[in-house]
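Peer 1: There's a structure below that I have some questions on.
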Amino acid sequence: MEFSERISSLQPSAIREIFKVIGDPSIISFAGGNPDPRSFPVEQMSALAENIFKNDPVTAFQYSVTEGYPRLRRLIAERLSSKFGIGSENDDVLVLTGGQQAVDLTSKILVNDGDTVICEEPSFIGALNTFRSYRANLVGVPMEDDGINVEKLEQALKTEKNVKLLYLIPTFQNPMGVTMSDSKREKVYELAKKYGVIIFEDDPYGELRFSGKDVKRIKSLDKDGIVIYSSSFSKILSPGMRMGYVCAPKSILAKMTVGKQCADVHTNIFFQILVADYLEKCDIDAHIEKIRALYKEKNAAMLRALDERMPSFVKYTRPEGGLFIWCDLGDGFNTNDFSKKLISKGLAVVPGSAFLMDDKAASTAIRLNYSMPDFEQIDKGVTILAQTIGEEK
Ligand SMILES: Cc1ncc(COP(=O)(O)O)c(C=O)c1O
């Protein structure tokens, strides 16, 4: 079989190889990005679901419009505006099949073969693979403690050809857990404006803050119609529902709508009604508070274990929210090999190379997830990590 160049250039990623072993109950996984199952509002959702099948089955079973269920679009737009100051009269909201589809449709409408997409480095593997599938030229800009390096970003914007998109995860970044400071958000916005580049603000974790001060969304600065804001209900309600959305200028959304018609016609309408009912009848903010409290404890448990057991040369981030800690083991570690060794000892992590623009490059870092393992697994997993580092040095 001769497959397209588009798909042939994509390699099965290291992360997928690791996921194959995660199903093994004897392996502790710090590798995924799954929410804690206790964060799913099962009881409320099941009552609402029953109600939909009783009272509005035809809408739930019939074809629907590509842009999304109107009541849900309105509720999302109201929430974005009231909570984050997002959305002008030139913007609108489109409901999508997960935040992942926002990355795909954005690439589809903006990126030609060989066009440049600038990303934070390291960055989210799902987005990088999407950009690769559109044959983009990926350019990474290094991260600092308060987000992307702005000087290096400007250099890339100045020197790279056909830059179409600046892909950012400014809040509780995946994989680093780092949050971009407010002052950098303003600088980054001004740079994108100066160089005529669209910003994709990917924000699936923004509501999962468990410490520190809230930050402005870059989209809230958008007076010029240059920011596509993307988020989803995956990390605050359920990823299995595949409910995502974008808020962006209407001209961009019109093109995305055409792209979505080619992809999946519309997002699952039953779940759109369910989420709209949930937003109207339940208290999502109270629900999010509970998730924040849970992740605050889990993050603290992992940091405590790392503080106790890591040698001083190992450096790790201290996120104020989200799901991940980035752990740099320092010179001498090739974490592709090291993560295989960890699996043989019963711990799965993702090697840092999975998040690099050149995924064949070596990395000295690993990504650790604390939302999915329970407290005992967090403790035991960090012990395995410390012992295995000890054996290497
Ligand atoms: C940075 C980032 N963007 C987008 C997504 C996609 O999420 P979903 O498609 O479940 O909304 C994820 C999922 O982990 C992510 O980490």
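Peer 1: Scan around LEU208 for amide H atoms under 5 Å from its own, H built in the peptide plane at 1.01 Å from N, and keep only partners 5 or more places away or cross-chain.
Peer 2: GLY322
Peer 1: Further question on the same structure: Please state the Cα pair-distance histogram of the range 202-267 with 10 angstrom bins from zero: what percent is in each bin?
Peer 2: 18, 42, 33, 7, 0
Peer 1: Output wanted: per-residue J couplings in Hz (rounded whole) for the range 105-111, from phi through Karplus 6.51 cos²θ - 1.76 cosθ + 1.60, θ = phi - 60°, x for Gly and Pro.
Peer 2: The phi angles translate into 5, 4, 5, 4, 8, 10, 9 Hz.
Peer 1: I'm a student and want to see the number: the projected area of the Cα convex hull of the range 211-326, averaged over all directions, in nm².
Peer 2: Spelled out: convex hull of the Cα atoms, projected over all directions, averaged, 10.5 nm².
Peer 1: Take every DSSP beta bridge whose two residues both sit in the chain, then give the antiparallel share in percent to the nearest 5.
Peer 2: Of all bridge pairs located within the chain, approximately 55 percent are antiparallel.
Peer 1: Note down the net charge around ASP224, summing +1 for each Lys or Arg and -1 for each Asp or Glu among other residues with Cβ under 11 Å from its Cβ.
Peer 2: Computed value for this residue: +1.
Peer 1: Based on the mean of other Cβ atoms within 10 Å per residue, sort peptides 20-32, 120-132, 290-302, 215-227 so the most packed one is first.
Peer 2: For the peptides 20-32, 120-132, 290-302, 215-227, the packing ranking is 120-132, 215-227, 290-302, 20-32.
Peer 1: Where does the range 98-185 land on Rg(C-alpha)/(2.2 N^0.38 Å)?
Peer 2: 1.04
Peer 1: Now, a different point. When all C-alpha to C-alpha distances in the chain are sorted into bins of 10 Å, what percent of pairs does each bin hold, rounded to whole numbers?
Peer 2: Over the chain, the share of Cα pairs per 10 Å bin runs 5, 23, 32, 27, 12, 2, 0 percent.
Peer 1: While we're here: Place a point 7 Å from Cα of ILE384 in the direction of its Cβ. Which residues in the range 316-345 have their backbone N less than 15 Å from it?
Peer 2: Hits in the range 316-345 for ILE384 at 15 Å: 338-345.
Peer 1: Under a point spin-label approximation (7 Å from Cα along Cα-to-Cβ), what is the LYS393-ASN334 distance to one decimal in nm?
Peer 2: 2.1
Peer 1: In the structure displayed, which of LYS219/LYS315; LYS187/LYS216; LYS193/LYS360 lie more than 24 Å apart, Cα to Cα?
Peer 2: Checking Cα-Cα distances, LYS219/LYS315; LYS193/LYS360 exceed 24 Å.
Peer 1: Quick one: if the Förster radius is 30 Å, what FRET efficiency do MET1 and VAL265 give, using the C-beta to C-beta distance and rounding to 0.05?
Peer 2: Efficiency, rounded to the nearest 0.05: 0.65.
Peer 1: Here is a follow-up. Kindly state, to the nearest 0.05, the FRET efficiency for PHE375 paired with ARG71, given R0 = 56 Å and r defined as their beta-carbon distance.
Peer 2: E(calc), rounded to 0.05, equals 0.90.
Peer 1: I want to check the label-to-label distance for ARG318 and LYS152. Put each point 7 Å from Cα in the C-beta direction and report it in nm to one decimal.
Peer 2: About 2.4 nm separates the two model spin labels.
Peer 1: Okay, moving on. Per the 1.4 Å probe, what fraction of the accessible area of the chain, in percent, lies on carbon and sulfur atoms?
Peer 2: Within the chain, the accessible surface is 51 percent carbon and sulfur.
Peer 1: Going 7 Å from the Cα of ASP56 in the Cα-to-Cβ direction, what parts of the range 253-277 have a backbone nitrogen less than 18 Å from that spot?
Peer 2: 266-277
Peer 1: Just to confirm, what accessible area per residue do you get for the chain at 1.4 Å probe, in whole Å²?
Peer 2: 43
The values are calculated or read from the model by the stated rules, or taken from the named source; none is laboratory data. None of these values were measured; they are calculated from a predicted model. Every residue, glycine among them, receives a Cβ derived from its backbone with ideal geometry; neighbour counts consider all protein chains shown. Areas reflect the complete protein model, heavy atoms only, side chains present, ligands, DNA and RNA absent. Shrake-Rupley method; radii C 1.70, N 1.55, O 1.52, S 1.80 Å.
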